[in-house]
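J.: Quick one: the structure is below, questions incoming.
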Amino acid sequence: QKEVEQNSGPLSVPEGAIASLNCTYSDRGSQSFFWYRQYSGKSPELIMSIYSNGDKEDGRFTAQLNKASQYVSLLIRDSQPSDSATYLCAAPSGSARQLTFGSGTQLTVLP
Amino acid sequence: EAQVTQNPRYLITVTGKKLTVTCSQNMNHEYMSWYRQDPGLGLRQIYYSMNVEVTDKGDVPEGYKVSRKEKRNFPLILESPSPNQTSLYFCASSLFRYNEQFFGPGTRLTVL
């Protein structure tokens with residue numbers, strides 16, 4: 001089982017809708033989780049970090065963490081065409097010596 | 001400006017010709033890492049360093065070397081590049097190993 005798994009997509013949503021991206025992880029010891037956005041050919045850009053159970057909001061982005069279910073999600077409200085990118089979920093491995101990335105979910109926001 | 005820089009950004013070379021990709025960060029980060037990204041395979045870690053003079057293998061270290069003589073620099077060395085090392089390479093750094101990593105702009109390498 002991969003340590004970090006994402007719904008592989010691709011995911012298409014209309015402009016203005018809510019995009020929901022999901023990620024599960026296998027290591028119960030993981031304490032921090034990160035969401036990155038990556039445009040084609042560009043480097044991953046950190047958009048959210050979450051360390052505690054519950055929701056964390058930053059502008060149009062909300063990260064949700066449920067440690068009991070080993071589940072972390074990213075909601076993008078009022079999606080814009082500029083949000084079209086691949087979104088990567090990441091968590092430190094058990095020893096935290098490495099950051100394990102999911103395979104990414106490609107999001108397309110249709111005008 | 002806080003950043004991770006990589007050079008060169010683009011490189012075309014031939015099999016067997018040694019090359020170095022430089023990586024530098026100005027954030028006083030302890031942890032640095034190299035990744036390669038290939039279509040369908042996602043981000044794979046090559047090597048990482050938790051501090052000066054401390055380096056360790058990631059998931060795909062074969063054919064690569066690194067060094068960490070100074071905190072800010074973490075060069076990636078390909079002693080004898082081969083075509084299967086054609087890829088997009090990213091350097092990243094974080095304050096400590098548990099923290100979020102910040103990525104450099106990437107180096108697109110083609111080995112003919």
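Every number here is computed from the coordinates shown, using simple stated rules; none is lab data. The structure displayed is predicted, hence computed values, not measured ones. We place every Cβ from the backbone using ideal geometry, glycine too, and count neighbours over all the protein chains shown.
J.: For the residue pair B:Asn51 and B:Met27, what label-to-label distance in nm results when each label sits 7 Å from Cα along the Cα-to-beta-carbon direction?
T.: So the label points at B:Asn51 and B:Met27 sit 2.0 nm apart.
J.: Looking at chain B, which longest stretch skips every one of the chymotrypsin sites (Phe, Trp or Tyr not before Pro) that is in a DSSP loop with at most 15 other Cβ atoms within 10 Å, leaving the sites themselves out?
T.: Of all site-free stretches, the longest is B:1-95.
J.: Could you give the distance between the Cα centres of the range B:83-101 and the range A:41-69, to the whole Å?
T.: Each part reduced to its Cα centre gives a spacing of 20 Å.
J.: Further, regarding this structure: Could you tell me how far the Cα centroid of the range A:1-36 sits from the Cα centroid of the range A:74-94, in Å?
T.: Taking the Cα centre of the range A:1-36 as reference, the centre of the range A:74-94 is 7 Å away.
J.: Convert 4 °C to kelvin, take the viscosity as 1.567 mPa s, use the Kirkwood radius over C-alpha pairs of chain A as Rh, and evaluate the Stokes-Einstein diffusion coefficient in µm²/s, rounded to a whole number.
T.: In µm²/s, the coefficient rounds to 93.
J.: Return the loop-located trypsin sites (Lys or Arg not before Pro) in the range B:2-99 (DSSP other than H, G, I, E, B) with at most 12 other Cβ atoms within 10 Å of their own Cβ; answer none if there are none.
T.: Within the range B:2-99, the qualifying trypsin sites (Lys or Arg not before Pro) (loop, at most 12 other Cβ atoms within 10 Å) are B:Arg9, B:Lys17, B:Lys18, B:Lys69.
J.: Could I ask something else about it? Taking loop as defined by DSSP and a crowding limit of 12 other beta carbons within 10 Å, which GluC sites (Glu not before Pro) in the range B:22-112 fit?
T.: B:Glu53, B:Glu62, B:Glu70, B:Glu79
J.: Mind listing which chymotrypsin sites (Phe, Trp or Tyr not before Pro) in the range A:22-111 are in a DSSP loop and have 16 or fewer other Cβ atoms within 10 Å?
T.: When the chymotrypsin sites (Phe, Trp or Tyr not before Pro) of the range A:22-111 are filtered for loop state and at most 16 Cβ neighbours within 10 Å, A:Tyr39, A:Tyr51 remain.
J.: Among A:Ser26, A:Ser93, B:Tyr31, which residue has its Cα furthest toward the positive end of the charge dipole of the protein assembly as shown, with +1 on Lys/Arg Cβ and -1 on Asp/Glu Cβ?
T.: Of the candidates, B:Tyr31 comes out farthest on the positive side.
J.: A further question follows. In whole angstrom, and with the biggest value first, how far do the Cα coordinates of the protein assembly as shown range along each principal axis?
T.: 50, 38, 37
J.: Restricting to Cα pairs below 8 Å that are 6+ residues apart, what does the relative contact order work out to for the range A:1-65? Please round to a whole percent.
T.: Relative contact order comes out at 22 percent.
J.: For chain A, what's the relative contact order in percent, using C-alpha pairs closer than 8 Å and at least 6 residues apart?
T.: 37 percent
J.: Hey, fewest Cβ within 10 Å first, where do A:Ser40, A:Ser49 land in order?
T.: By the 10 Å Cβ count, ascending: A:Ser40, A:Ser49.
J.: Run the numbers for B:Ser80 and B:Arg108: contour at 0.36 nm per residue of separation, minus the present Cα-Cα distance, in nm.
T.: Computed gain between B:Ser80 and B:Arg108 is 8.4 nm.
J.: With a/c under 1.5 counting as rounded, go ahead and sort chain B into rounded, prolate or oblate using the C-alpha gyration tensor (a ≥ b ≥ c being the square roots of the eigenvalues; past the cut-off, prolate if a/b is larger than b/c, else oblate).
T.: Taking the square roots of the gyration eigenvalues as a ≥ b ≥ c, chain B is prolate.
J.: Another question, if that's okay. Rounded to the nearest 0.05, what FRET efficiency do B:Lys17 and A:Lys42 have when you use their Cβ-Cβ distance and R0 = 30 Å?
T.: 0.65
J.: Which residue fluctuates most in the GNM of chain A (Cα springs below 10 Å): A:Leu21, A:Leu74, A:Leu99?
T.: Of A:Leu21, A:Leu74, A:Leu99, the most mobile in the Gaussian network model is A:Leu99.
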